[in-house]
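Student: Before anything else, here's the structure in question.
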Amino acid sequence: MAEDDLEDDLEDDLEDDELDEEDGDDSGGASSGGKKKLLIIVGAVLLILIGGGAAAYFTGLLDPLLGDSEEASEEGVAGGEGAAVFLDLDEMIVNLNTSGRRQTLLKIKVALELASQADLVMIQTVMPRVVDNFQTYLRELRVDDLSGSAGLYRLREELLTRVTVAVQPAKVNAILFKEMLIQ
């Protein structure tokens, strides 16, 4: 009898398992929860990879892999642009425009960043014109004109404009302040 009860219990368990599989209650519920977790993990990994790829692209880390830097360097060689050339100007000391009796001096030393070595020779031939333009402009400045970073930016832009006009067709890329003292 005990064996009959044991066989009946096994048959009932097998029937219950078959019914559960057909209904999808037991195994389907666990499987769908696992699928959701898998989709969330895969989505998070894809999002991280896309974000990292975009960051690498916009910061320029992918340029060597994509070949963009080689194209840019080939264009630079074809355009005749090489390393920057710097020309130091002599130190200039000028009186600033003041309304009072007290004199204010500006001591300035600048360097010109040139586009090429060929421009260096052209600029050296017209250097007296460049110095004259600088001195004339600097004498009209007030102390307030030179205050803060905005004042230095305006001074740099104005000197660049004046030197560009004086040395055309040579090209000056930038004005670099080496020393500047207001006394």
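Student: How would you rank Val163, Val143, going from fewest to most other Cβ atoms within 10 Å of each one's own Cβ? Mind showing how you got there, number by number?
Tutor: On the way: Val163 23, Val143 13.
Ascending Cβ contact count within 10 Å gives the list Val143, Val163.
Student: Under 30 Å Cα-Cα from Lys109, which lysines qualify once same-chain neighbours fewer than 8 residues away are excluded?
Tutor: Those lysines meeting the cut-off are Lys171, Lys178.
FYI, it's all coordinate maths here, none of it is from the lab. Everything numeric in this text was worked out from a predicted model, so none of it was measured. Neighbour counts run over all protein chains shown; Cβ positions are idealised from the backbone, glycine included.
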